[in-house]
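Read through the structure below, which is laid out as structure tokens, and then see the notes.
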């Protein structure tokens, strides 16, 4: 997400558009929408992206109200337009016969898409998802029901409590969903849970430094305020919506499970476990063989096997700190 | 021991319920990656004080992470 935002900035996206993008991308995605439908209910499935949209648009409009990108002069784009899309080089005399057939090309692209899904997308989520799963289990076993009823049962205090938990920590949108389901079953109000689902992914301690670089100090403060205020408003509103529709949240949670046959559930769970084990193996091997301990020589080329394939680009960096630093500078 | 059983059963239950949808979700993310050219979208984010904000917010909704 953050490298993408950095590259948008480089290509001349204005600050408001960047803030909007920085809110909606972590708060919602196709993967988190799918898992919300599975573990929560259709109302939450709609509310999460909707609240993300409103938060993002608000943050962006506030930013562009204060810094009019048009009044600042239409700066020529830092990159010539032609370079924005990879065009086939003119004048290459490749005979048409050597071009891959459309069928094999689309097959290769399909392979790329699947590889991206299983390696990059799941690779980004997997650690958080395991943590989310464990936390959901712990909540189910240990969180006293009267506590969550009392503190998280609804009202402004519940929203603020969830904000206090959600804002400093990072948990990706997909991984926060099992935690949300566990909290709901323990009697937390849907609104309070929604606040957690919005504030958890949108803000955290480590992304702050990147936000400051992209938006500036005041811009970051405004971003945080907008996320906090809009999330709480949506939370309060959602708690009014359920009684209005005559729905008891706890009764409808996870109803989507009945849509999937058992063999498919066991099959896909097995597949995910194997995929996760592969990621773990890959991570351990990578750690042991390639990374010199404790050094961060930014931009120092590593061996080809040391290059990280991330979002279809190759990064050669000697450590994670260095990788993040490069992305930030880019 | 009893607690560990509760936790494990709950984790397994959540994994069973969610994994078909997770696989669907990440494959959809892969589909977006190959069918949507991000560069073209970035061009939309350059101009327009308000338009660019709406477009950027909408664009970010389906993107994973």
Global size of segment A:113-258 as Cα Rg and Dmax, reported in angstrom: 16.3, 48
Average beta-carbon neighbours from other chains, 10 Å sphere, peptide A:236-242: 0
Proxy reagent accessibility, fewest Cβ within 10 Å first, across A:116, A:223: A:116, A:223
Ascending count of other beta-carbon atoms within 10 Å, so fewest first, for B:12, A:128: B:12, A:128
Cβ-Cβ FRET estimate between residue A:278 and residue A:165, R0 fixed at 22 Å, reported to 0.05: 0.10
Other protein chain Cβ atoms within 10 Å, averaged over every residue that makes up A:134-140: 5
Other protein chain Cβ atoms within 10 Å, averaged over every residue that makes up A:177-190: 1
Between segment B:1-35 and segment A:116-156, the Cα center-to-center distance that results, in Å: 12 Å
Segment B:2-60: projected area of the alpha-carbon convex hull, averaged over directions, in nm²: 6.2 nm²
Packing-based exposure ordering (other Cβ within 10 Å, fewest first) of A:205, B:11: A:205, B:11
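Each reported figure results from applying straightforward, stated rules to the coordinates on display, with no laboratory input. As the structure is a prediction and not an experimental result, all values here were calculated from the model. Counting neighbours? That spans all protein chains shown, and the Cβs are built from the backbone with ideal geometry, glycine included.
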